[in-house]
Amino acid sequence: MIGLCSVTFRDKQPEDIIQIAKDAGVEAIEWGGNNHVPPTELETAKRVAQLTKDAGLVTSSYGTYYKVGTNESFDSILAVAEALDTKIIRVWAGDKGSEEADEAWFNEVVADAERIAKLAHEKSMSISFEYHSDTLTDTPESARQLMEAIEAPNVFLYWQPAETLTVEERKSSLSLLGEWITNVHVFHWENFNNRFSLEEGAEDWEDYISRILTHSPYTHHYLLEFVKEDDPGQLKQDAETLRKIVEKFG
């Protein structure tokens, strides 16, 4: 299923984002917890959930900024995810890169991941780590090490084209990490300030998705993010490109 990360348009209101999503023809939205649906605002979550449903869209996931390893309360995040009617909660693998983290911190992240996974399991939900720099998932190898260490059946991993890797290294990472990959953040860029249309990266993305489907047994939401010039018109073009790629695989 093709979707949109609400953080792509972080300065817009949920109503505007829903309209942008509908205009682009996507089916799902990952609602972000930093500005659109904060974990402290349950009533906002309920309102956004109803707006999303009324628009014929689904909430693919709740994109939180919970740093695993902090051992903070997870109750409000679970409540908001439940209100949004989603089963996937995205979290971050701590706040230190794998080179900086010592064994004690690694173990702390593992323990906290198992704790929140148990809480999520009680709600029939799963946890997925953001695949990102400055966390324990900042390289394919460190991400695999973390996933292998966590003993919980409902902990998974997102994937996105890491800017620190070459295209070939990104492709290779998918065989290393595929068994845990759920949702995918889709964009084509050199860096945050230099973004391109997805069409320019269509060949790479066709290969990425082919490898994801080969190695990952799960259902995936392909969530567009970091659109060139933050332009809703570009999102629509990117969604068309992504749909053509996904449809090649049935």
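The values are calculated or read from the model by the stated rules, or taken from the named source; none is laboratory data. Computed from a prediction, not measured in an experiment: that's the story for all the values here. Glycine also receives a Cβ, built like all others from the backbone with ideal geometry; neighbour counts cover every protein chain displayed. Just so you know, the surface numbers come from the protein's heavy atoms only, side chains and all, with ligands and any DNA or RNA stripped out. Shrake-Rupley method; radii C 1.70, N 1.55, O 1.52, S 1.80 Å.
Couple of notes before you dig in:
- Rel. contact order, % - alpha carbon contacts under 8 angstrom, at least six apart, segment 150-204: 36
- Cα-only radius of gyration and Dmax that characterise segment 165-250, units Å: 12.7, 35
- Estimated inter-spin distance, residue 16 and residue 164, nm [label 7 Å along Cα→Cβ]: 3.4
- Full extension of the chain between residue 46 and residue 240 yields a length gain of 66.8 nm, computed as 0.36 nm times the residue separation minus the alpha carbon distance.
- In straight-distance terms, cross-link reach from residue 53 covers every one of the lysines whose alpha-carbon lies under 24 Å from its own, apart from those fewer than eight places away in the same chain; here that gives 12, 22, 87, 123, 236.
- Pair-distance distribution of segment 38-106: all C-alpha pairs, bin width 10 Å, starting at 0; shares per bin in whole percent are 20, 42, 23, 12, 3.
- Relative contact order (percent, whole number), segment 107-250, Cα cutoff 8 Å, 6+ residue spacing: 20
- Relative contact order %, segment 45-138, counting alpha carbon pairs below 8 Å whose residues are six or more apart: 33
- When peptides 89-97, 68-76 are sorted by average Cβ neighbour count within 10 Å, with the highest value leading, the order is 89-97, 68-76.
- Sum of side-chain charges, residue 170 neighbourhood, beta-carbon under 11 Å (Lys, Arg +1; Asp, Glu -1): -3
- Length gained when the stretch residue 105-residue 219 is fully extended (0.36 nm per residue, less Cα-Cα span): 37.9 nm
- In this simple spin-label approximation, residue 149 and residue 175 carry label points 7 Å from Cα along the Cα→Cβ vector, and these lie 2.6 nm apart.
- Reported to the nearest whole Å, the Cα centre-to-centre distance from segment 178-218 to segment 1-78 is 21.
- Estimated distance in nm for a label pair at residue 118 and residue 73, the labels positioned 7 Å out from Cα along Cα-to-Cβ: 1.9
- Rolling a 1.4 Å probe over the protein chains gives residue 87 an accessible area of about 110 Å².
- Residue 190 accessible area, 1.4 Å probe, all protein chains in place, Å² to nearest 10: 110
- 5 Å-binned pair-distance histogram of the chain (Cα, whole percent): 1, 7, 14, 18, 20, 18, 13, 7, 2, 0
- Theoretical FRET efficiency, 1/(1+(r/R0)^6), r = Cβ-Cβ of residue 229 and residue 190, R0 22 Å, to 0.05: 0.95
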